[in-house]
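*Asks:* Dropping the structure in here first, questions after.
The values are calculated or read from the model by the stated rules, or taken from the named source; none is laboratory data. Every value quoted in this text rests on a predicted model; they were computed, and no experiment measured them. Here the Cβ positions follow ideal geometry from the backbone for every residue, glycine too, while neighbour counts run over all protein chains shown.
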Amino acid sequence: MKVLIVEDEHKVVDYLRTGLTEQGWVVDIALDGEEGTHLATEYDYDVIVLDVMLPKRDGFAVLKALRAQKSTPVIMLTARDHINDRVRGLREGADDYLTKPFSFLELVERLHALARRTRAQESTLISVGDLYVDLIGRRATRDGLRLDLTAKEFQLLSVLARRHGDILSKTAITELVWEVDFESHTNVVETAIKRLRAKLDGPFRTKLLHTVRGMGYVLEVREAREMREEPRAW
Ligand code: CA
């Protein structure tokens, strides 16, 4: 489970990071509203913890920017004496709120509840052309034939399939598939993509996994005649 915490109080941030990491969560931190908006819109999280009072951009502005693009569940942290903040947060697309000071266990419980809710709503069968990815059954087929994928290859394919049509950067793929940050080892991604591509596209005329130079990778249907050369941009 991956959580983004947007909060400027270092004490709260340290406390949450330590506690959630111990519980097995992958934790990203943004210390102001601008960074929060960037991370929340650029990457995928199971849930976001968003403080209202933030430097540069307040929590409502972050929420608004996020909701223009994504439905990632958001729990807002509000001050005890600002009841209007709760009402406004919920009205503008927050899924839940907690009043400061809050208990850690209460927060964890709410985070799990929100993450579960999203997972239940998420489609578990994704199709891209003749490719079907069954996220629950953990199997993928093309043209009715089962692809023989390793666990990591399946995870990589799932990440690309969930966002098919979107270009995913190597950094994003690294974080989503390996859940670690190893920028200097992006050849790990390249190697994994190469292996997946051989199995996914090798035997088929219509290629699905494309490299977008300088940007990343995208899973989508393109006609065979366009495949003579990788386009630089489009
Ligand atoms: Ca704050």
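*Asks:* Would you be able to tell me the number of residues in region 11-33 that are in a helix (DSSP H, G or I), more than 15 Å from V52 (Cα to Cα) and not small (G, A, S)?
*Replies:* Keep residues of region 11-33 that are in a helix (DSSP H, G or I), which gives 11-22, 33.
Going one step further and asking which of them are more than 15 Å from V52 (Cα to Cα), we end up with 11, 14-22.
Still in the list and also not small (G, A, S): 11, 14-18, 20-22.
Within region 11-33, residues that are in a helix (DSSP H, G or I), more than 15 Å from V52 (Cα to Cα) and not small (G, A, S) number 9.
*Asks:* Which of the residues that make up region 133-144 are surrounded by 11 or more Cβ atoms within 10 Å (Cβ to Cβ) and either in contact with a helix residue (DSSP H, G or I) (Cβ under 9 Å, 6 or more places away or on another chain) or over 14 Å from L160 (Cα atoms) (or both)?
*Replies:* V133, L135, R138, R139, A140, T141, R142, D143
*Asks:* Within region 51-104, restricting attention to residues that are in a helix (DSSP H, G or I), more than 16 Å from T37 (Cα to Cα) and at pLDDT below 85, which residue is farthest from the ligand (Cβ to nearest atom)?
*Replies:* That would be R91.
*Asks:* Mind listing whichever residues of region 1-31 are crowded, with 16+ Cβ neighbours inside 10 Å and within 14 Å of the ligand (Cβ to nearest atom)?
*Replies:* Across region 1-31, the qualifying residues are I5, V6, E7, D8, V12, V13, L16, I29, A30, L31.
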